[in-house]
Structures are given as structure tokens and as C-alpha cells.
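Before any comments, here is the structure.
Each reported figure results from applying straightforward, stated rules to the coordinates on display, with no laboratory input. The structure presented is a predicted model; accordingly, all values stated were derived computationally and were not measured. Every residue, glycine as well, gets a Cβ built from its backbone with ideal geometry; the counts of neighbours run over all protein chains shown.
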Amino acid sequence: MVMSPSTAVDGPSSSASIAPAASGDALVTLRDVSFGYTRERQILSGVNLTVPRGKLVAVMGGSGCGKTTILRLLCGQIRASSGEVLVAGESVAAMNREQMYAHRRRLGMLFQFGALFTDMTVFDNIAFPMHEHTDLPEDIIRDLVLMKLNAVGLRGTAELKPSELSGGMARRVALARTIALDPQIVLYDEPFAGLDPISLSVVGQLIRRLNDALGMTSILVTHDIAESLKIVDYIYFISEGRVVAQGDVAGIRASTDPFVRQFVDGEPDGPVHFHYPAPALAEAFS
Amino acid sequence: MNRKIIDLWVGIFVAIGLAALVFLALKVGNLLTTSEQRTGYQLEARFDNIGNLKPRAPVKSAGVVVGRVESIGLDDKTYEGVARLHIYSHHQFPRDTIAAIFTSGLLGEQFVGLEAGGDSVMLKDEDRIRKTQSAVQLEKLISQFMFSKAQETPASAPGAVPTPAPSAASPAAPPAVTPGAKP
Amino acid sequence: MSAPEPIIARVLSRLGAATLDAIARLGFATRFFIAMVKQSGTAFSRPQLIAREIYQAGVLSLIIVLMSGLFVGMVLALQGYETLVRFGATESMGVLVALSLVRELGPVVAGLLFASRAGSAMTAEIGLMKTTEQLAAMEVMAVDPIARVVAPRFWGGVISLPLLAALFSTLGIYGGYLVGVRLIGIDVGAFWGQMQAAVDWRYDVLNGVIKSIVFAFAVSLIAVFEGYDAKPTAEGVSAATTRTVVTSALAILALDFVLTVFMFRGGPH
């Protein structure tokens, strides 16, 4: 890989790329993290990434580039093969079972398709984390659930089953469940996948608003560049398991980096090739 | 699904399931009767041949079940079959009672039959029944029958073949060969 | 390109791979079982969770089990009569029906029905929760899915099947009574009397119940394990559901043989 993270983005964004790391208030830090299920195929190799407290940071890249792996590392579902994953200064890999559960309690994660519990009503879905982790009396839980539902504009759906919701509504209910216990950090795994333009911008605005209103720190894994540019503070580009570019919104928009340009403009060929590596046609047909 | 309805159904289900278990134990099985039958006393009976008698076979007197065969063993010195009988406590038998092994029906299960005697002294726990009759073995009966028939044939045609064993010449002899086989 | 392997080597290496795979799965299933038993505290401290699964596995299987039991009992009586009447032993019909049911048919047929009705549903449910990331979502919410989802289903199944088997036998005996006494006209006293004299509550009834408990553990474990281990795709879940039914049926029949050898060999003592 020719580009190192600091030289990846030219112009105004290169100074911005230093800013979050230098701010010293980093809540989440990935330091030289590598991960692979097998030795031959590395999914992440030497990723450095910083998320400052209170910010909304996007991690972008094509499908299968290892974005989701970063989220799973943060949740402690998998452990890095080398490097450090630090959340509030603690290494996720070094946690024992108790610490891991305590760690997960300050974490919220919105899954790609919501992952609502299909055998429960919307109300019970959002009450689930409260029932599991608190001893709150039933009427307080009820008020809390309705507040969370109200925050995503779906108080009227409390008694419905997830199967009765549209994709966009299900995503918002899942968002309400994710913030049910007011997590410090929220991880979004492709929150925009499969949504129509209206739902998409509704979810996007909710993510931004919740982040600011509840003082959360958010990491958004997505490949939807247009929506992300509207809401996030900072963007990391990942390709083939490495950070290939980073910068704030203005920097990314102005960037002349070929990878960023290809991604932002959605061009079929560029640094990411249209063809999967194969011998030349002439060779294949001879 | 309403939580209360689920609770109600689960309650009904567990209740009828347990009721079925009780039914199987009491009405189909013999849990009730065994509790009274468990109080009983042990007798011992020795047979030359116990045939196909199995543990838990019934012990009957005048056709009424009065106990069960508890276990079956072999006396290593006398080479007799030893059957331990568990007799229900409310049945008492005189000391000169005869124990015999019978077969119910032609091919049925074997059981122990007790024929009460006239003694005024009753059998007590761990007593031994002195008078016994062994099981009738069908194979033996049949072979005797065949044997006697085979003997009869030359006798009905005198002079054709000389009888091989003079002692077996009498057709009345075979039943005597099996001592204790018949009451 | 190397020369093609001889066919025998290919077959042997396939066999070897399949064996190793089976052993690995067995090992994984054992670890899964131990983890589940360890995590069962949550389920037992919240009976509501198990109650819901008893409803799913037991109550919803009631109709099929009761109907099957009734018909099996009636058929047993009809067929038994055909044979018994030749030996003039029709009074033994109660014995025949009751012994067949409490010793063998009750636990085995109820187990098979349970595997295909409730076991497959358990597998599909857990597999679907895995496919749609519901299990992962729980894990991230710091809730152990084995404690919250798997263990209650397992124990719900373990509690349900013995009760279903007892109900199956009971209804079967009632079916036998209907055909034998009501239809054919066997003396009602002889029917029940001979049955009670021949069926021992410990040797026959209790052993039958033990069988059904063993089957309950086997089927429930297979069902939850296949669900948890399913490939997180639609095909994966449907394949796992099929595997649950097939493996459970084989396990029930094999265990039945082993248990019968140990329980009913050489008569009661």
C-alpha cells in the first residue's frame, strides 16, 4: 500500500486528520490493529483510528473491506490478532467476562437490519435491556420505553410486532432499543442499508440528533457516502483492511485523492478495479 | 400471546401431564396395591427343576394371587433350584403346604401354586416349604410319549422285531421315569 | 496438475474428513451442553422464561400427541385382538396395550412426534434469531443468549416431553379400552384387572418414564444445538431443521435399544 494514513488526503483535510487524535480526549482508539480468521487472509492489517468523545465518526469502504470487523472488535465479539483496541483507555482484549459485560453495557449497537426480537412486541423489544439490566419498577420502565419511542417518533407502534413495521420504522425502533440504557458509545452497522430515501434521511437525522442531545459518541459504519457527508464529523476510508484516507467533511469533499474521488463520485473503475484479478484475456483464451 | 393465558395453559398442561403419570402408576400399574403388598414375608421353596419360572411370576393359591416369586437361585451343594417367594402378609399357609410349578394354559407363563395342607402350625418368615413338585417339562413329556408310542408299535405286531429292552416292555412304565413330575 | 488420485484414496480421505468433522461437532456439542447447564441459573430464577417454552414445546404439541396416542391405542387393541383371539386370551388385551404403551410406544412415539413438532420449531427459531443477528444483538446488550434464549428452550423441552409421553400412553390405553371393552366387548373387569396384575409400576411404568426423560434431554439438546450451530442463512436454517428431526429420530431409536437392554433384560428383581 503506497498511501499512509497521514499522506492519504491532501489539502485542508491533512491538518484536520491530525486534529481528533491530537485533541487528547479520544474515547475509542485502535492502535495498529490487525485481524484475520486465518493466517493467509488478513481482514484488517495495521489499522489506526481515533474517535473523540462526543463526535460522530464514519468508517467507510466498499463491501467486505473489514468495516464491520472493527465494530465486532469494539464489542469484544472477536479479539485483535495484534495491536490494541482501547475504549476509555481500557483494552477490550484484556477484559475478563465480568469486565466485558460491564463494557458492553455502556455500548449500544444498531445492527444492519435492526435485529429486533421477532417474538416480542416493539414495546418489549425496547424494554428488554431494561428488564435484563435494571430493577426498575414496571411503570417507570413503561415511561422510559415510551420516551425512547417518542424520541424516534414511533410511540404509536408500541403494541405492534416487528413484522408489522416497515423497514425504516423497524430501523428506528432498533435505534430506540440501542439507546434504551443511554449508552456512552453507539455503534451503527450499515444503518442505511435497504432504506428508501425518506427513511434514510430520517434515520440519518436521528443519528445526528441523538448523538448531540444525549452526548453520545458514535461510530457509523456505512458505504452511503452522500448521507454520511451530511451528518458526520469525521470520516475514515478503509480498503483492503487498511485506512487509506481520512478527513473531516470539508476535507473529503475537496479531496483529490483518487480513492476518495472514486468513492465519493461512485465511479466504476479507479484504484478499486472493476475486474477481479485474473490473467489477461488473451492468455485465458489461448 | 398474553402472559396470563400462557400461564394458564402451562398450568393445565402440567396438571393433566402429572395426572396421566399418576393414572399410569395407580390405575395401570400396581403402585397402590404394592404398598400393601410390600408388607409380606419370605418363604423358600426348593425344586428339582424350576422350568421356565421367572422372577416376579405370580404365586397363586386356589387361583388367587397371594404373592410373587422374589428371586431364583441354585443351591451349589444339592443342585436344586431355590425360589424365594414373597407372600403378602394377610395370607397365612399351614406348614404342610405343597408348592408346585404350574403352567397357565398350554404355552402360558409358569407360576407357583400353593396347595394348603391341614397343619395347625402356620409358615413363618424365612421358613422353607418342604413339599414341592417340579415343573412339568413339555419336551420330556413329549419324548416320553413318543418313546412309549415307539414301543407300542412293535408290541402290536408281535414277532416282527424283538423288544430291545425287556424292562421297558410295559407301556405303563414311562410316567414312573419322571419322579415328582405329576402331583 | 498432479495425477488424479486413485478412487480408494479419495474415498478414504472423504471418510477421514467426515469422521474428524463428526468428532469436532460432538466436542462442540459437549462444550455447548456444559455451557448451557452452567448458564441455566438465569432460566430457573425466572420461571416465566421456561413457562413460555413449555407453552411452545408442550402445550402446542398436545393435540397431535393426544390424537396419535388415542389412535395408536385403538389400533393396538384391534391388532392385538386378532392375535389373542386365536389363543383364547382376549382378556390379556389390557396387558398387551398397556405394556406396549408404557414401555415402548409412549416414550418412543411421543419422542418422535415431539422432535418433529417442537424440536424442529426450536431449531428454526434459534437459527432464525442467529440469522437475523438477534443473538448477536443480545450479546452486545451484555445478555448471554445461551442463558436467555437457549437454556429456557432446552429446559422447557426437558419438562414437556415426559408429560407428553405420559399423556400419550394414557390416551392410548383409553383408546385400547374403547376398542377392547366398548367395541369388541371384552369384560371390563378383566381388562383393567389383568392390566394391573401384569404392569409393575416400578419395572414398567417408571422405566418408561425414565426412557422419556432420557429422550427429552437428547431431543432438546439436539434441537437447541442444531439451531445455535446453524449456518446463518435461510438454507442453513432449513438444513439444520431437517438435521434436528433426523438426528433426534436416530438418537431416540438407538437410545431406546440401549435402555431396553439395560432395563428389561432378565426380568425385574
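Observations, loosely collected:
- Residue-by-residue Karplus 3J(HN,Hα) for the range C:99-110, coefficients 6.51, -1.76, 1.60, Hz, glycine and proline x: 5, 4, 6, 6, 7, 10, 5, x, x, 6, 5, 4
- Close amide H pairs (under 5 Å, H built 1.01 Å from N) link A:Leu27 with A:Val51, A:Arg53, residues at least 5 positions away or on another chain.
- Backbone geometry of the range B:65-77 corresponds, through the Karplus equation with coefficients 6.51, -1.76 and 1.60 at θ = phi - 60°, to 3J(HN,Hα) couplings of 6, 10, x, 9, 6, 7, 7, 10, x, 10, 7, 5, 8 Hz, x marking Gly and Pro.
- Among C:Ile210, C:Ile173, C:Ile23, the residue with the largest mean-square fluctuation in a Gaussian network model of chain C, with springs joining Cα atoms closer than 10 Å, is C:Ile23.
- Point-charge dipole on Cβ atoms (K/R +1, D/E -1) for the protein assembly as shown, about Cα centre, debye to 20: 1060
- Three principal axis lengths of chain C [C-alpha, angstrom, descending]: 75, 56, 36
- Interchain or long-range residues, amide H under 5 Å from A:Gly46's placed H: A:Val33, A:Ser34, A:Phe35
- Averaged over peptide B:15-22, the number of partner chain Cβ atoms lying within 10 Å of each residue's Cβ comes to 6.
- Classified by the C-alpha gyration tensor, the range C:43-127 has a prolate form. Its axis ratio a/c, with a ≥ b ≥ c, is 1.5 or above, and a/b is larger than b/c.
- Protection proxy ranking of C:33-44, C:152-163, C:127-138 - average other beta-carbon atoms within 10 Å, highest first: C:152-163, C:127-138, C:33-44
- Label-to-label distance, nm, for residues given as C:Ala24 and A:Ala226 (7 Å Cα→Cβ offset): 4.5
- For chain A, a crude dipole built from +1 on the beta carbon of Lys and Arg and -1 on the beta carbon of Asp and Glu, taken about the Cα centre, is about 300 debye to the nearest 20.
- Nearest-0.05 FRET efficiency for C:Arg202 and A:Glu98, computed from C-beta distance (R0 60 Å): 0.80
- Inter-chain Cβ neighbour average for residues C:195-206, partner chain, 10 Å: 6
- Ordering C:Val261, A:Val264 from the fewest to the most neighbouring beta carbons within 10 Å gives C:Val261, A:Val264.
- The separation of the range C:1-77 from the range C:173-208, counted between C-alpha centres, amounts to 34 Å.
- Here is the P(r) of the protein assembly as shown: all C-alpha pair distances, binned every 10 Å from 0, give 3, 11, 16, 15, 13, 11, 9, 7, 6, 4, 3, 1, 0, 0 in whole percents.
- Dipole-positive endmost among C:Ala9, C:Leu163, B:Val64 within the protein assembly as shown (Cβ charges, Cα centre): B:Val64
- Using only alpha carbons, the range B:40-138 has a radius of gyration to Kirkwood radius ratio (Rg to Rh) of 0.94.
- Counting only other chain Cβ atoms within 10 Å of each residue's Cβ, the peptide C:143-149 averages 2.
- Virtual spin-label span in nm between B:Asp7 and C:Val188, 7 Å along Cα→Cβ: 4.0
- Averaging the sequence gap over all C-alpha pairs within less than 8 Å and six or more residues apart, then dividing by the number of residues, gives the range A:139-207 a relative contact order of 32 percent.
- Test item: Cα-centred dipole of the range A:21-92, Lys/Arg +1 and Asp/Glu -1 on Cβ, debye: 180
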